[in-house]
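The values are calculated or read from the model by the stated rules, or taken from the named source; none is laboratory data. As the structure is a computational prediction, the values presented were derived from the model and not from experiment. With ideal geometry, Cβ positions are generated from the backbone for all residues, glycine too; neighbour counts draw on all protein chains shown. Surface accessibility is based on the protein's heavy atoms, side chains included, excluding ligands, DNA and RNA. Shrake-Rupley method; radii C 1.70, N 1.55, O 1.52, S 1.80 Å.
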Amino acid sequence: EWHHYLNVVTPSKSIGKIVIDGISIPSRVFYRFGLSAFSIAQVEVDYGTHVISSNEPFGLYCYGFGFGEASYDAYGNGGGQSLEIVVQQPDKTAPV
C-alpha cells in the first residue's frame, strides 16, 4: 500500500527528451519553475526498478508514501546524479 514518485527537474528546453523505462515523459506534466529556465514534473511510478535517461542533464528525486496499514512510513532519495569536482581557489586578498 504505497505511492511512489519521481520529481524530475530539467532545463525547459530539454522537455520531451527524458525517458522512463523507454517512454518519454509527456510535456504536459512539466511546469516551469518560477521565472527560471527550468521545469519540474512529478511522475507516479509503480513499485520496482526503473530506468530514467536523457541526453541532457536533469535532476531526480525519488520518494514514496505508505497509506492504509503502511501510513506511518515514507522514504526519499536523490536519484543518480552527476556531480562535478569543485576546484578550490586560494584566497589571495589580505584580510582587512
Any strands (runs of 3 or more DSSP E) falling wholly within the range 8-96 and containing at least 3 residues that are open to solvent by less than 70 Å² (accessible area, probe 1.4 Å): 38-45, 59-66, 74-78
Return the residues of the range 26-51 that are of a type outside the set (Phe, Trp, Tyr) and under 23 Å from residue 74 (Cβ atoms); say none if nothing qualifies. 29, 40, 41, 42, 43, 44, 45, 46, 48, 49, 50
